[in-house]
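These notes concern the structure reproduced below.
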């Protein structure tokens, strides 16, 4: 996905966005630096479930879910409504942003599953069975979010060649490299809702870097 988008962007000057589309690209690109810490917080919150005070760890898990619902998901929904149709008109062809929109749907579904588990655990200490369900959801969600953000930063945001895009692209290349590392963990269950091709082993280090 990311490589095909990069190829389209590099194809020539005919992929120049109009003023409104360029403004949208700059707007949503500028929101990513504030959202990357939310993305990476999903993983660090999952790491916190490995031991220690589980009630403290669950408080962090619940706050992470709140940020996903109140901060990150509205950004994703707005991209679907405003940015992707505009980018699609620039790229041309039959619904070129459809795969990315489907990833948005997978992200929403995973956040919903994440929330259901958090509600089910409630104020009690999570059982080993709870943790066995919660950790794969969180690690899987983090991996999909990190890859999705990286794909947007490689495939869409370079359509406007602003000065700040070069450092962002360098960080994105690191994340895409980590996604392709051979070592990873496989979610225990198949109901993660990732869809075809997204349930592959999750690299241990995806998204360790926080993009600027």
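I want to confirm something. Restricting to region 121-139 and keeping residues that are more than 24 Å from the chain's Cα centre (by Cα) and assigned to a helix (DSSP H, G or I), which single residue is nearest to residue 51 (Cα to Cα)? Outline the logic, then answer.
Here is the first cut: in region 121-139, the residues more than 24 Å from the chain's Cα centre (by Cα) are 121-129.
Next cut, assigned to a helix (DSSP H, G or I) only: 121, 128-129.
Details: 121: 17, 128: 11, 129: 14 Å.
The selected residue is 128.
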* To do: Give the residue that is nearest to the chain's Cα centre (by Cα), with candidates limited to residues of region 97-113 that are surrounded by fewer than 18 Cβ atoms within 10 Å (Cβ to Cβ) and over 30 Å from residue 131 (Cβ atoms).
  => 101
* Structure fact -> Filtering region 69-96 for residues that are surrounded by 13 or more Cβ atoms within 10 Å (Cβ to Cβ), in a loop (DSSP other than H, G, I, E, B) and free of Cβ contacts under 8 Å to residues at least 24 places away in the same chain leaves a count of 0
* Given (1) over 19 Å from residue 145 (Cβ atoms); (2) more than 20 Å from the chain's Cα centre (by Cα); (3) surrounded by 13 or more Cβ atoms within 10 Å (Cβ to Cβ); (4) in contact (Cβ under 8 Å) with a residue 60 or more places away in the chain, index of the condition residue 49 fails -> (1)
* Structure fact -> Selection from region 52-61 of residues touching a residue at least 24 places away in the same chain (Cβ under 8 Å) and in contact with a helix residue (DSSP H, G or I) (Cβ under 6 Å, 6 or more places away or on another chain) yields 61
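Look through 61, 118 and report the one residue that is over 22 Å from residue 153 (Cα atoms), more than 18 Å from the chain's Cα centre (by Cα), crowded, with 18+ Cβ neighbours inside 10 Å and modelled with pLDDT of 95 or more. Break it down into steps so the answer makes sense when it comes.
Working: 61 fails: more than 18 Å from the chain's Cα centre (by Cα).
It is 118.
The values are calculated or read from the model by the stated rules, or taken from the named source; none is laboratory data. Worth saying up front: this structure is predicted, and the values here are computed from it rather than measured. Counting neighbours? That spans all protein chains shown, and the Cβs are built from the backbone with ideal geometry, glycine included.
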